[in-house]
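Enquirer: Let me give you the structure first, and then I'll get to my questions.
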Amino acid sequence: MNIIFYHPTFDAKLWIDGITKRLPQANMRVWQAGDDQPADYALVWRPPHDMLASRTALKGIFALGAGVDAILAQEQHQPGTLPAGVPLLRLEDTGMSLQMQEYALAAVLRYFRRMDEYQLFQQQKQWHALVPHSRSDFTLGVLGAGVLGSSVAEALAGMQFTVRTWSRSAKSQAGVQSFYGDDQLAAFSTGCKVLINLLPNTPHTAGILNHQLFTNMQHNAYLINLGRGGHLAEGDLLRALDSGQIAAATLDVFTEEPLPAMHPFWSHPRVSITPHVGADTLPQEAMDSIVSNIVAIEEGREPAGQVDLIRGY
């Protein structure tokens with residue numbers, strides 16, 4: 001069994017050692033330009049066009065991240081980057097759910113307990129107690145109810161918040177109200193105090209965090225974007241912040257990363273920024289998942305996390 005590996009920043013030795021320890025029969029190598037030797041599987045992130053274009057004999061391509069939008073964007077830009085007929089598989093969890101729960105809970109509780117406002121008071125040397133928020137009018141909306149979104153919704157519901165999700169199709173989750181489809185997006189967002197975005201990045205979801213959605217929410221609402229930068233209409237958010245419709249925003253993802261030094265988000269007093277750290281790929285957990293899928297394919301079973309290239313996730 002031959003496996004090729006490409007990631008612009010990951011420690012290749014760590015991955016080669018880890019995969020071959022789990023699959024002793026595997027021959028794993030780092031792909032280099034000009035390498036056209038046989039391969040059964042590919043582990044990649046933002047693969048060069050030449051790496052996969054002619055490899056129609058591959059049994060599977062594994063994306064080394066939570067989303068596959070970067071790979072699909074390359075395919076749109078350079079058709080043939082993904083060889084026809086080869087399944088593309090995403091990492092479904094591999095420790096990312098817990099990380100997203102931690103981030104979302106930290107951001108929600110910061111707003112619920114008004115710590116962001118107390119931080120501003122500290123900078124102004126003001127000693128001033130605020131009236132606490134009430135759970136009864138602090139409805140949390142989670143955009144996306146896949147593995148990560150449903151995990152975050154479950155954690156928030158466990159904190160006794162009122163939680164709702166919005167997704168492509170109806171979901172059933174204890175303690176969480178499900179909205180689905182374009183027709184229910186307005187109803188989902190109406191009355192939300194906090195909106196947490198964990199949608200996949202597809203043409204259908206591009207720009208979904210926009211003026212209309214913000215207008216539906218409660219006045220002085222909060223936005224937490226953990227999906228992708230392309231989900232957010234940045235100008236709409238800045239105007240909503242200036243008008244008070246959105247009280248504050250926590251942003252982990254951006255259209256351009258790293259965020260340019262002159263971008264207005266850096267200096268906006270009601271915007272909190274983190275450098276795309278919501279959930280990292282955990283190598284050991286990811287390798288367990290990938291090897292499990294390789295074994296499934298070798299045994300003729302259906303692997304988990306196969307991407308629908310039309311839907312984009």
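Just so it is clear, none of the values below were taken in a lab; they were calculated from the coordinates. All values reported here derive from a predicted model rather than from experimental measurement. So basically every Cβ, Gly included, is an ideal-geometry build from the backbone, and we count neighbours across all protein chains shown.
Enquirer: In the chain, if the dipole is taken from +1 on Lys/Arg beta carbons and -1 on Asp/Glu beta carbons about the Cα centre, which of ALA84, ALA155, VAL295 is farthest to the positive end?
Expert: The listed residue farthest towards the positive side: ALA155.
Enquirer: Place the peptides 17-28, 157-168, 123-134 in order of packing, highest mean first, counting for every residue the other Cβ atoms within 10 Å and averaging per peptide.
Expert: Top of the packing list down: 157-168, 17-28, 123-134.
Enquirer: Over the alpha carbons of region 1-85, what is the largest minus smallest coordinate on each principal axis, giving the biggest first in Å?
Expert: 36, 25, 22
Enquirer: Which three extents, in whole angstrom, do the alpha-carbon atoms of region 57-154 cover along their principal axes, largest first?
Expert: 67, 29, 21
Enquirer: Say the dipole of region 36-170 comes from +1 at the beta carbon of Lys and Arg and -1 at that of Asp and Glu; which of GLY60, ILE71, THR139 then lies farthest toward its positive end?
Expert: After comparing all options, I get THR139.
Enquirer: Ok, one more. What is the mean projected area of the alpha carbon convex hull for region 96-273, to one decimal in square nanometres? Don't jump to the answer; show the numbers that get you there.
Expert: Numbers: hull surface 40.7 nm².
Over all viewing directions, region 96-273 projects a mean Cα-hull area of 10.2 nm².
Enquirer: Follow-up. GNM on the chain, C-alpha springs below 10 Å: top fluctuator among ILE16, ILE224, ILE246?
Expert: ILE16
Enquirer: Ranked from highest to lowest mean number of other Cβ atoms within 10 Å per residue, what is the order of the peptides 255-268, 95-108, 181-194?
Expert: 95-108, 181-194, 255-268
Enquirer: Considering the dipole of the chain built from charges on the beta carbon (Lys and Arg +1, Asp and Glu -1) around the Cα centre, which of GLN37, ALA186, MET51 is farthest to its positive end?
Expert: ALA186
Enquirer: Using the Cα centre as the reference, give the magnitude of the dipole from point charges on the C-beta atoms of the chain (Lys, Arg: +1; Asp, Glu: -1; all else neutral), rounded to the nearest 20 debye.
Expert: Working: 22 positive and 30 negative charges, 147 e Å.
I would put it at about 700 debye.
Enquirer: Which semi-axis lengths, in whole Å and largest first, follow from the square roots of five times the eigenvalues of the Cα gyration tensor of the chain?
Expert: Numbers: eigenvalues 306, 80, 68 Å².
Ellipsoid half-lengths, sorted descending, are 39, 20, 18 Å.
Enquirer: Evaluated at 4 °C with a viscosity of 1.567 mPa s, what Stokes-Einstein diffusion coefficient in µm²/s does region 213-313 have when Rh comes from the Kirkwood expression over alpha-carbon pairs? Walk me through the numbers before you get to the answer.
Expert: Working: Rh = 16.5 Å.
Rounded, D is 79 µm²/s.
Enquirer: Taking only Cα atoms and a 10 Å spring cutoff, compute GNM fluctuations for the chain and point out the largest among ALA12, ALA66, ALA247.
Expert: Most flexible of the set in this elastic network: ALA12.
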